[in-house]
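Visitor: Just dropping this structure here.
Each value in this text was obtained by applying a stated rule to the coordinates, not by laboratory testing. Remember, predicted model here, so these are calculated numbers, not experimental data. Using ideal geometry, Cβ is built from the backbone for each residue, glycine included, and neighbour counts are taken over all protein chains shown.
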Amino acid sequence: MYTISIPQMNHPRHVSSFLRQIINNKGKEVYVDLSKVQSAFPNVCVPISGMIQYYQEEGITFKFSDVYPDYLNQAHFFKPLAVKENIIQLKRKCLDQIWMFSSSEDVNEIVNAFVNEISQSIVCEQGVVDGLTWCINEVMDNVLQHSKVTDGFIMGQIHKNTKHIAICIFDYGQGIFNSLYNTKYSTRNAGDAITQAIKEGITRDKKIGQGNGLWGLHNIVQSNSGQLFITSDKASYMLRKNQIDIFTKVPKISQEKGCTIVDFQIDTDKTISVVDSLGGYNQPINLHIENLEDDNGNLNYKLSEKSSGTGTRQSGERIRIEILNIYNETSKPIIINFDGISVISSSFADELVGKLVIHFGFYNFTQIIRMRNTNSVIQAIIDRSVKQRISESIGKDF
């Protein structure tokens, strides 16, 4: 049995190391030593997990060390989750897990779930949520349209301390070089193929796509001063701190399978203009926000439609973060609608209303947030929570 060691899963070089070790394997059984792994990021988890699925289909059997971080189990590293079979789990928790998609319906479910969880987990500056939505949609669609395989893999992760979101999408398909081969672009090598693919309008077939996906992704990430890594065939393109590096001699799983890894990281505290990034085209419609608009154009946020309920501090935090993100995107007043809610917990009221009052300031809060359909019990709970929160804030200030 051949032994492969994965010392860490926090840098793309560990993917190349894994592949080189696999290529040197001449047998049909592989033992993977994960005992030294302490942290795991999407740009390593997703490609290695996807490659293992590929090699298993090729007849290689994998066995894993008993010692590894629980995170790998929770992320479904050993067996990615198929969207169709795990819709309920996807809607409950989608980040920090590896998902396998194979259709446009899967893409839609994943994007909606990612946007929903991100919007309730971290406050994002204007345009960040829209930018992420556009990028995830386009890259996943590229897998379906150009990879010539049935499945792709995706994982998302929020890093709250550094205020950025990491997304990695992988497929073990033909790769960018093979996709553009025998087209009018005549790419010379894998590195040239990637640099061509991030230009506007470059696509293997205009009947299938217009070539805006990687070009728009590159522009959006660059405008945010984020990071973008595209690895395909034998090359890797890296955009970091607005500097570009291209590396060659990257290992690949086979001559026919170039594989493509698209790993991008967006800072949540830096604005994004999707319109400017896409050359002044119309702003994409934010369906999540559009669905909140009532007949009078008001943003009507109905608490009764939130599965997290109104009884816990955690739920209040998630809803507060989502409301802040909605306001950052629209700058419009928001109605918090209590219709159908008979009672809320004091911790929920403090986390949602009390902290929003402190965030905006009392006067601005009254201009931005409007509460509707509160009964006398809810009003009393909110009043008490707001008074306590303001009193605490004043005490800290003085």
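Visitor: Using Cα atoms only, what is the angle between the long axis of helix 313-330 and the major principal axis of the chain, expressed in degrees (0 to 90) to the nearest 10?
Guide: Between helix and principal axis, roughly 80 degrees.
Visitor: To continue, here is another question. Please give the Cα centre distance for the stretch 339-398 versus the stretch 46-68, rounded to the nearest Å.
Guide: Measuring centre to centre over Cα atoms gives 51 Å.
Visitor: Counting only DSSP beta bridges with both residues in the chain, what percent are antiparallel, rounded to the nearest 5?
Guide: 65 percent
Visitor: Name the most mobile residue of V15, V275, V115, meaning the one with the largest mean-square fluctuation, in a Gaussian network model of the chain with Cα contacts below 10 Å.
Guide: Comparing V15, V275, V115 in a Gaussian network model of the chain, the most mobile one is V275.
Visitor: Can you work out the FRET efficiency for the pair R188 and S254, with r the C-beta to C-beta distance and R0 = 22 Å, to the nearest 0.05?
Guide: Numbers: r = 21 Å, r/R0 = 0.95.
Rounded to the nearest 0.05, the efficiency is 0.55.
Visitor: Mind ranking 251-260, 222-231 by how tightly packed they are, going by the mean number of other C-beta atoms within 10 angstrom, highest first?
Guide: On the way: 251-260: 18.7, 222-231: 20.9.
The packing order, highest mean first, is 222-231, 251-260.
Visitor: Suppose only helical runs count, i.e. DSSP H with n ≥ 4. What mean residue ellipticity at 222 nm does that imply for the chain under -39500 (n - 2.57) per run, divided by all residues and rounded to the nearest 500 deg cm²/dmol?
Guide: When only DSSP H runs of four or more count, the value is -12000 deg cm²/dmol.
Visitor: Let me ask something else about it. Run the dipole for the stretch 287-397 about the Cα centre, Lys and Arg Cβ at +1, Asp and Glu Cβ at -1, nothing else charged, and hand back the magnitude in debye, nearest 20.
Guide: Numbers: 13 positive and 14 negative charges, 80 e Å.
Charge dipole, the stretch 287-397, about its Cα centre: 380 debye, nearest 20.
Visitor: As a quick test, which of the pairs K270/K355; K26/K63; K302/K332; K355/K387; K26/K252; K91/K355 have an alpha carbon distance above 19 angstrom in this structure?
Guide: Values: K270/K355 23 Å; K26/K63 16 Å; K302/K332 16 Å; K355/K387 11 Å; K26/K252 16 Å; K91/K355 27 Å.
Beyond 19 Å between Cα atoms: K270/K355; K91/K355.
Visitor: A follow-up question, please. Find out how many positive minus negative residues lie around I122, taking Lys and Arg as positive, Asp and Glu as negative, among other residues whose Cβ is under 12 Å from that of I122. Let's see the in-between values first.
Guide: Details: positive: K160, K163, R318, R320; negative: E117, E125, D267, D269, E317, E322.
Cβ neighbours under 12 Å give a net charge of -2.
Visitor: Against the longest principal axis of the chain, how steep is helix 104-119, in degrees 0 to 90 to the nearest 10, with axes from Cα atoms?
Guide: That helix lies at roughly 50 degrees to the long axis.
Visitor: Let me ask something else about it. Rounded to the nearest 20 debye, what is the charge dipole size of the chain about its Cα centre when +1 sits on each Lys and Arg Cβ and -1 on each Asp and Glu Cβ? Before the final figure, lay out the partial values.
Guide: Values: 40 positive and 42 negative charges, 168 e Å.
My answer is approximately 800 debye.
Visitor: Say the dipole of the chain comes from +1 at the beta carbon of Lys and Arg and -1 at that of Asp and Glu; which of I289, L90, F229 then lies farthest toward its positive end?
Guide: In the chain, that residue is F229.
Visitor: For the pair T162/R240, report the inter-label distance in nm, with labels modelled 7 Å from Cα in the Cβ direction.
Guide: 1.0 nm
Visitor: Give the percent of DSSP beta bridges with both residues in the stretch 228-342 that are antiparallel, rounded to the nearest 5.
Guide: Counting only bridges with both partners in the stretch 228-342, antiparallel ones make up about 80 percent.
Visitor: List D350, D269 from most exposed to least, where exposure is judged by having the fewest other Cβ atoms within 10 Å.
Guide: The most exposed by this proxy come first: D269, D350.
Visitor: Projecting each Cα onto the charge dipole of the stretch 73-277 (Lys/Arg +1, Asp/Glu -1 at the beta carbon, about the Cα centre), which of F114, Y172, G213 comes out farthest on the positive side?
Guide: Y172
Visitor: Take each of the peptides 361-368, 312-319, average the number of other beta-carbon atoms within 10 Å over its residues, and list them starting from the highest.
Guide: Values: 361-368: 12.0, 312-319: 18.9.
With the highest mean Cβ count within 10 Å placed first, the list reads 312-319, 361-368.
Visitor: Right, another one. Quick check on the exposure proxy: order T162, T271 from fewest to most C-beta atoms within 10 angstrom.
Guide: So the residues, fewest neighbours to most, are T162, T271.
Visitor: If you take every DSSP beta bridge whose two residues both sit in the stretch 287-397, what share of them, in percent to the nearest 5, is antiparallel?
Guide: Numbers: 1 of 9 bridges.
In the stretch 287-397, approximately 10 percent of DSSP beta bridges are antiparallel ones.
Visitor: Using only Cα atoms, tell me the angle between helix 213-223 and the longest principal axis of the chain; keep it within 0 to 90° and round to the nearest 10.
Guide: 60 degrees
Visitor: Hey, another quick one. Please give, to one decimal in nm, the separation of the simple spin-label points placed at Y31 and D383, each 7 Å out from Cα toward the Cβ.
Guide: Result: 7.1 nm between the two label points.
Visitor: Among G156, G354, C45, which residue has its Cα positioned farthest towards the positive end of the charge dipole of the chain, with +1 placed on the Cβ of Lys and Arg, -1 on the Cβ of Asp and Glu, and the dipole taken about the Cα centre?
Guide: Of the listed residues, the answer is C45.
Visitor: Tell me the relative contact order for the chain as a rounded percent, counting alpha carbon contacts under 8 Å between residues six or more apart. List each step's numbers first, then the result.
Guide: Working: 735 pairs, mean separation 50.5, N = 398.
Dividing the mean separation by the residue count of the chain yields 13 percent.
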